[in-house]
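Okay, structure first, notes after.
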Amino acid sequence: MTASDAHRTIEAVWRIEAARLIAGLARMTRDFGLAEELAQDALVAALEQWPASGVPDNPGAWLMAIGKRRAIDHFRRRERLDRKVDEMGRDLETEQTPDLDAAIEDIGDDLLRLVFTACHPVLSTEARVALTLRVLGGLTTEEIARAYLVPESTVAQRIVRAKRTLADKRVPFEVPSAAELPERLASVLEVIYLIFNEGYTATAGDDWMRPELCEDALRLGRIVAELVPREPEAHGLVALLEIQASRSAARTGPSGEPVLLLDQNRARWNRLLIHRGLAALDRAEKLGGARGPYALQAAIAACHARARTADETDWVRMAALYEALAVTTPSPVVELNRAVAVSMAFGPEEGLKLVDELTAMSVLKDYHLLPSVRGDLLAKVGRVDEARAEFVRAAELTRNARERELLLNRARALD
């Protein structure tokens, strides 16, 4: 294996294993910052050794073994080896092939512990979400900032302060008790939701999707829903993610280019995931959660899933659902989506009126989907020159290469 091949392999392994590695090390050290440092040390060791020795059969376990050894070295230097070795287990130093997968099963999952610890009530909601996205989802501060439409420096400060607070308060690395679950569940669901969204449509980079994030989010969502079976919003979130994930194979073309929802080949939609999503939605509604924000979004997604063709979509119902969502969760982004549904149900002129009202909102001035939607509606009403300019502006604002290419192609198509 050449050095370049080894480096590409290491990058791929890191994308897959980083979150679980950090989670496992955080469980042992009770320190997010230290866990990240140890994981980085393990990555450096892989970069130094694998080009010469080859990639091990179980690269995740190899990285975890290095991380554990570095953790022991760290605590030895701090003269606390005896206590820490008792906590981590007497066999860590001699363990040769630790089973990484054994640490990520059922409710004892280190990833789930990591989510609940990062969402501890000692942190603000914003800090909980930012920290979990950083250490679990592997997102950069820039990606998190774009998801929340806030400055990157704000997100960086939240993460630093959150780590310091968790360390100072000696927050235990554990799944909360039943009595503590309700107050921490909302932020956990929000974290899972944002991780999925980043995977479903990447905010930056050369790829339209990051499937590994979607898979992690969906898996965690299912676990949380079973942990709190009487919480309708947990099932509403799972319903939403299942239905959204069902379209993944149809969302890209042969060369990885984006395929918009109404242009997708619905035969490629995963019917099993749709079935699971509709069942989860039914479960949420029977628990009295039909008007919860995730259940409403799942109901919107279900309008697409139930339609055999794009023309059969119930846009009137979808517009009503978005109106209900705007009441439950007021947001300019929700209003933008409502405008799209209104345009499909009642004509592009009606949708354009709503979009024009949103253009005056400063919070959306750098949000690329606003000019993208406006360009689409302008094109439908025959204002071609304005539409072309909006698509070009949207292309300038997006940080995703695939999406930029799509928007520029739409602008060129109007020539």
Of everything in the range 346-359 that's modelled with pLDDT under 95 and within 28 Å of the chain's Cα centre (by Cα), which residue is surrounded by the most Cβ atoms within 10 Å (Cβ to Cβ)?
-> 358
Which fully enclosed helices (runs of 4 or more DSSP H) of the range 125-231 have 3 or more residues being touching a strand residue (DSSP E or B) at 6+ places or on another chain (Cβ under 9 Å)?
-> 141-148
Taking only pairs six or more apart or across chains, which ones have beta-carbon atoms under 7 Å, a first residue in the range 110-129 that is farther than 17 Å from residue 177 by Cα, and a second residue that is of a type in the set (Lys, Arg) and at pLDDT 85 or above?
-> 126/158; 127/158; 127/161
Across the range 3-53, what is the number of residues that are of a type in the set (S, T, N, Q), touching a residue at least 40 places away in the same chain (Cβ under 8 Å) and more than 29 Å from residue 170 (Cα to Cα)?
-> 1
The residue from 290, 249 that alone is in a helix (DSSP H, G or I), farther than 22 Å from residue 134 by Cα and over 16 Å from the mean Cα position of the chain (by Cα) is 249
Identify the residue in the range 376-400 that is touching a Gly at 6+ places or on another chain (Cβ under 6 Å) and of a type outside the set (Phe, Trp, Tyr) and, among all such residues, is farthest from residue 344 (Cα to Cα).
-> 390
Give me the pairs: first residue in the range 339-364 and assigned to a loop (DSSP other than H, G, I, E, B), second residue surrounded by 15 or more Cβ atoms within 10 Å (Cβ to Cβ) and not aliphatic (A, V, I, L, M), beta-carbon distance under 8 Å, and six or more apart or on different chains, which are they?
-> 359/374; 361/332
Can you tell me which residue within the range 54-77, out of those that are assigned to a loop (DSSP other than H, G, I, E, B) and in contact (Cβ under 8 Å) with a residue 40 or more places away in the chain, is nearest to the chain's Cα centre (by Cα)?
-> 58
What are the residues in the range 207-219 that are within 10 Å of residue 195 (Cβ to Cβ), among the hydrophobic types (A, V, I, L, M, F, W, C) and modelled with pLDDT under 85, if any?
-> 213
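Which of the following residues is over 25 Å from residue 237 (Cβ atoms), surrounded by fewer than 22 Cβ atoms within 10 Å (Cβ to Cβ) and of a type in the set (Ser, Thr, Tyr): 331, 362, 343?
On inspection, the qualifying residue turns out to be 362.
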Within the range 397-415, the residues that are within 23 Å of residue 354 (Cα to Cα) and under 29 Å from the mean Cα position of the chain (by Cα) are 397, 398, 407, 410
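The values are calculated or read from the model by the stated rules, or taken from the named source; none is laboratory data. Just so it is clear, the structure is predicted and the values come from calculations on it, not from any experiment. For neighbour counting, all protein chains shown are included, and Cβ atoms are generated from backbone atoms with ideal geometry for every residue, glycine included.
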